[in-house]
Amino acid sequence: MANKSASANQTLIAVELHGARAATHERTSLNRGYAIFLLPGVILFLLVIILPFLVNVGVSFTRWQGVGTPRWIGLANYQQAFTDTTFWASFRNNLILIIAITVVPTIVGLLLSSLLFDYVARRFGKSVSNFFRAGFYLPQILPVAIAGVVWGWLLKPDGAVNWVLNSVGLNALAHNWLGDATTALPTVMVIMVWFQIGYPLVIFMAALQRIDPELLEAAAIDGASGFQGFIHITLPLIRPEIAVVILTTTIYALKIFGQIFVLTRGGPGTATMVPAYFAYQNFFEKFNVGYGAAISTVMAFIILLLTAAFIFAQSRQEVGSEAWT
Amino acid sequence: MTRTPRLAQGIGQYVTLIALLALLLLMLAPFGLVVINAFKTPTEYASNGPISLPGGLYLQGLVDFWNRVDFTNKLVNSTLISLSVAILAVVVSLLNAFALGIGRVRGRVLFLIFFMVASTLPHESLAYPLYYFAKFVKLYDTQFSIILIFTVIQSAFGTYLLSSVFSTFPREMIEAATVDGCNKLQLLVRIVAPVSLPSLSVLFTFFFIWTWNEFFLPLIMLISNSKQTVPLAIAILQGQHNMDATTTSASALLGILPCILFFLLFQRTLTRGITAGAIK
């Protein structure tokens, strides 16, 4: 996935939470003298992530133009956000984008991976299914900004998409796709589906490999259709991967910036405004640094909450050991 | 094992294959359009439209764009930044994971949660302070600032991926080395690092590509043209100039090509790594 430093495998923590209990018992003198190796990492993390994050939270309680002394205003930025229609529009758009980034790609990825793995690979060979997998994954290797440039070019009023529509006689459909407030967000959603399909596909195809084919065959002998086998056997078995895909793509959706910056800059109006771009605007274009800090703190808070909920759910679930080793 | 007649099944499977091919073609159409239009003259584009194949291999659009953004410079910048980050972040991940996965230091779960939280935080919530600090210590608009920041961000992911790999590291090997008088540093350099080389190479590849593709923080930190990365330079030029259609597709092609190259070079590592990232 193009931007998967966020491809956090939170699942691992859940596994670690289990492992740690066992580990405390076997701690021996062998384990001494390692702490020093953590030192560079911890110092770097404090400097580059923790300190800036805390400062940002602090700034969110101030009015500050980026120069001079920040003036403490308490929760006023958050109150302002609460009544700011652009703020709400940005989060509403973000929720809608989750459909294009998480919901649709996960469902299509499940169906496609199952089709490629259980049907195409069996009848036409593995190289054919691998070819399709690589092809569908291709958009994922692009930097988001470049993907944005490509689509911005295709969708210009005189671009390729409208040219094709005109040349097949559908002139009525030709449109300023990104420039019209009613079509801008749906258009960005289509682009995001295109961009995202490959990620769940690759993860799910790997997941399917650890399902014993005899299970599906036994079900088929008992009279289950291919679709029933998919619902009752395949889906439950790859649930860990589905959970990971849903979490990582939801977090990714909440952070979306590059595509919006290149394609629409949040416009027209606030039609495609997202929190990340709204924060950027306040930081670097409007110089409302305190307000930008408040927006980004809300973003961070939502993302941390999602992550925590996920870790909690995973560690309660007593994750099936065969899935994780 | 449904009892469909052979013939119907035979036709059915080719219908499926053709449907899949059609879907794939639709997905790849944007790439195809970029390629064919990058090699057209502007007049050719104006008269024949974006769908027709180019009459010849017109390279001037690519050359002009290359010179206009000094693309060699952008390639050098991106390579320098991504390569430095990949190497340094692998080293930091290795050190952290050595302490957490092999050493099982006290409070390792808390440390792991710390690193994970650090990696999930949106960059927007760090950006302004980082920008301000960077200005303060005169690192603003230097590639070093981006290298430092992404070394830390990438190694958060690396730390818990490697920690999990190391938790299954054969204990006998560590004990044997300790009995032979290996100190901790020797243990890391001579035993743990070489044995885990496959995992390290997966991390290296990922860090390189992720850093190459980054947009938001480079946009904020690298303000002068001569320091910018490939995606940044192309995206910014796109916004500033009203470029004609063939130049835009030439620029998009130049942005896509390095990624296709990485994809072909690292395809195996990538597929292995993506799945490891999800499950491990």
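Distance between Cα centroids, region A:183-230 to region A:249-306: provide it in whole Å.
Each part reduced to its Cα centre gives a spacing of 31 Å.
Can you run the Rg to Rh ratio on region A:34-160? Use alpha carbon positions and the Kirkwood inverse-distance Rh.
Details: Rg = 23.8 Å, Rh = 20.5 Å.
Ratio of gyration radius to Kirkwood radius: 1.16.
Select from B:Lys227, B:Lys40, B:Lys135 the residue whose mean-square fluctuation is largest in a Gaussian network model of chain B (Cα-Cα springs shorter than 10 Å).
Top of the fluctuation ranking is B:Lys135.
Can you give the mean number of other chain Cβ atoms that lie within 10 Å of the Cβ atoms in peptide B:46-55?
Per residue, the number of nearby Cβ atoms from other chains is 2 on average.
Let me spell out the model: positive unit charges on the Cβ of Lys and Arg, negative unit charges on the Cβ of Asp and Glu, origin at the Cα centre of region B:70-240. What dipole size does that give, in debye rounded to 20?
With only Lys, Arg, Asp and Glu charged at Cβ, the dipole is about 300 debye.
For region A:94-273, calculate the relative contact order in percent as a whole number, restricting contacts to Cα pairs under 8 Å that are 6 or more residues apart. List each step's numbers first, then the result.
On the way: 183 pairs, mean separation 65.4, N = 180.
36 percent.
Tilt of helix B:71-97 relative to the longest C-alpha principal axis of chain B, in degrees (0 to 90, nearest 10)?
With both axes taken from Cα atoms, the answer is about 30 degrees.
Counting alpha carbon pairs within less than 8 Å and at least 6 residues apart, what relative contact order, in whole percent, applies to chain B?
Working: 253 pairs, mean separation 85.5, N = 280.
After rounding, I find 31 percent.
Could you work out how far the C-alpha centroid of region A:130-171 sits from that of region B:110-147, in angstrom?
33 Å
Residue by residue through region A:286-297, what is 3J(HN,Hα) from phi via Karplus (6.51 cos²θ - 1.76 cosθ + 1.60, θ = phi - 60°)? Round to whole Hz and write x for glycine and proline.
Using θ = phi - 60°, the values come out as 9, 6, 8, 5, x, 5, x, 5, 5, 4, 6, 5 Hz.
Taking every pair of alpha-carbon atoms in region B:61-148, give the share separated by more than 17 Å as a whole percent.
The proportion of pairs with Cα distances above 17 Å equals 68 percent.
Please compute, over every Cα-Cα pair in region A:94-273, the percentage with a separation greater than 30 angstrom. Intermediate values should be presented prior to the final figure.
Values: 5060 of 16110 pairs.
In whole percent, the share of Cα-Cα pairs in region A:94-273 beyond 30 Å is 31.
Computed FRET efficiency, Cβ-Cβ of A:Ala172 and A:Ile99, R0 30 Å: what is it to the nearest 0.05?
Plugging the Cβ-Cβ distance into 1/(1 + (r/R0)^6) gives 0.65.
Can you give the alpha-carbon Rg of region B:32-95 over 2.2 N^0.38 Å, where N counts its residues?
That works out to 1.75 for region B:32-95.
What angle, in degrees between 0 and 90 and rounded to the nearest 10, separates the Cα long axis of helix B:124-136 from the longest principal axis of the Cα atoms of chain B?
80 degrees
Per DSSP H run of n ≥ 4, the term is -39500 (n - 2.57); total these for chain A, divide by its residue number, and report the mean residue ellipticity at 222 nm rounded to 500 deg cm²/dmol.
-18500 deg cm²/dmol
Based only on Cα atoms, what Rg/Rh ratio does region A:211-325 have, Rh being taken as Kirkwood's radius?
1.21
How large is the direction-averaged shadow of the alpha-carbon convex hull of region B:6-56, in nm²?
Numbers: hull surface 18.1 nm².
The directionally averaged projection comes out at 4.5 nm².
Any idea which of B:Gly101, B:Leu24, B:Ser145 is furthest toward the positive side of the dipole for chain B, if Lys and Arg beta-carbons carry +1 and Asp and Glu beta-carbons -1?
Comparing the listed Cα positions along the dipole, B:Gly101 ranks first.
So who's got an amide H within less than 5 Å of the one on A:Thr62, skipping anything under 5 residues away but keeping other chains? H placed 1.01 Å off N, in plane.
Correct list: A:Ile73.
Could you calculate, for region B:70-240, the ratio of the Cα radius of gyration to the Kirkwood radius, expressed as Rg to Rh?
For region B:70-240, the value is 1.06.
I want to verify a result. In a Gaussian network model of chain A, Cα cutoff 10 Å, which of these has the top mean-square fluctuation: A:Ala224, A:Ala121, A:Ala300?
Among A:Ala224, A:Ala121, A:Ala300, the largest mean-square fluctuation in the Gaussian network model of chain A belongs to A:Ala224.
Under the Karplus relation 6.51 cos²θ - 1.76 cosθ + 1.60, θ = phi - 60°, what is the ordered set of whole-Hz ³J(HN,Hα) values for region B:257-267, x standing for Gly and Pro?
Values, residue by residue: 3, x, 5, 4, 4, 4, 4, 5, 5, 10, 3 Hz.
Highest GNM mean-square fluctuation, chain A, Cα pairs closer than 10 Å: which of A:Val289, A:Val188, A:Val55?
Sorting by GNM fluctuation, first place goes to A:Val55.
Among A:Ile191, B:Ile18, which comes first, then next, by fewest other beta-carbon atoms within 10 Å? Let's see the in-between values first.
Values: A:Ile191 24, B:Ile18 10.
Neighbour counts put them in this order, fewest first: B:Ile18, A:Ile191.
Where does the longest stretch of chain A lie that holds no trypsin sites (Lys or Arg not before Pro) found in a DSSP loop with 14 or fewer other Cβ atoms within 10 Å?
Numbers: sites that count: A:Arg27, A:Arg32, A:Arg210, A:Lys286.
That would be A:33-209.
Treating chain A as a set of equal point scatterers at the Cα positions, no solvent, please give the Debye-formula log₁₀ I(q)/I(0) at q = 0.09, 0.11, 0.13 Å⁻¹.
-0.64, -0.91, -1.14
Provide the three semi-axes, in whole Å and in decreasing order, of the ellipsoid equivalent to region A:147-237 as defined by the square roots of 5 times the Cα gyration tensor eigenvalues.
In descending order the semi-axes read 43, 16, 11 Å.
For A:Leu44, B:Leu112, B:Leu162, what ranking results if the residue with the fewest other Cβ atoms within 10 Å of its Cβ goes first?
The most exposed by this proxy come first: A:Leu44, B:Leu112, B:Leu162.
For region B:178-267, report the translational diffusion coefficient in µm²/s to the nearest whole number, using Stokes-Einstein at 10 °C, 1.306 mPa s, and a Kirkwood Rh over Cα pairs.
Result for D is 97 µm²/s.
Please report, to one decimal in angstroms, the Kirkwood hydrodynamic radius of the protein assembly as shown built from all distinct Cα-Cα pairs.
On the way: mean 1/r = 0.0389 Å⁻¹.
Value: 25.7 Å, from the Cα pair sum.
Grab the DSSP H runs of chain B that are 4 residues or longer, score each as -39,500 (n - 2.57), total them, divide by all residues and round the 222 nm result to the nearest 500 deg cm²/dmol.
Calculated mean residue ellipticity at 222 nm is -24500 deg cm²/dmol.
Which entries of A:Lys255/B:Lys74; A:Lys255/B:Lys138; A:Lys156/B:Lys227; A:Lys156/B:Lys40; A:Lys286/B:Lys74 show an alpha-carbon separation above 24 angstrom in the structure shown?
Flagged as over cut-off: A:Lys255/B:Lys74; A:Lys255/B:Lys138; A:Lys156/B:Lys227; A:Lys286/B:Lys74.
Starting from the Kirkwood Rh over alpha-carbon pairs, what translational D in µm² s⁻¹ does region A:86-171 have by Stokes-Einstein at 10 °C and 1.306 mPa s?
98 µm²/s
Using Cα pairs closer than 8 Å and at least 6 residues apart in sequence, work out the relative contact order for chain A, in percent.
Relative contact order comes out at 31 percent.
For B:Met27, B:Met116, what's the fewest-to-most ordering of other Cβ within 10 Å of each Cβ?
If I rank by nearby Cβ atoms, fewest first, I get B:Met27, B:Met116.
Read-outs throughout are calculated quantities, based only on the coordinates presented, and are distinct from any laboratory measurement. Source: prediction; values computed, not measured. Quick reminder, even Gly has a Cβ in these numbers, built from the backbone with ideal geometry, and neighbours come from all protein chains shown.
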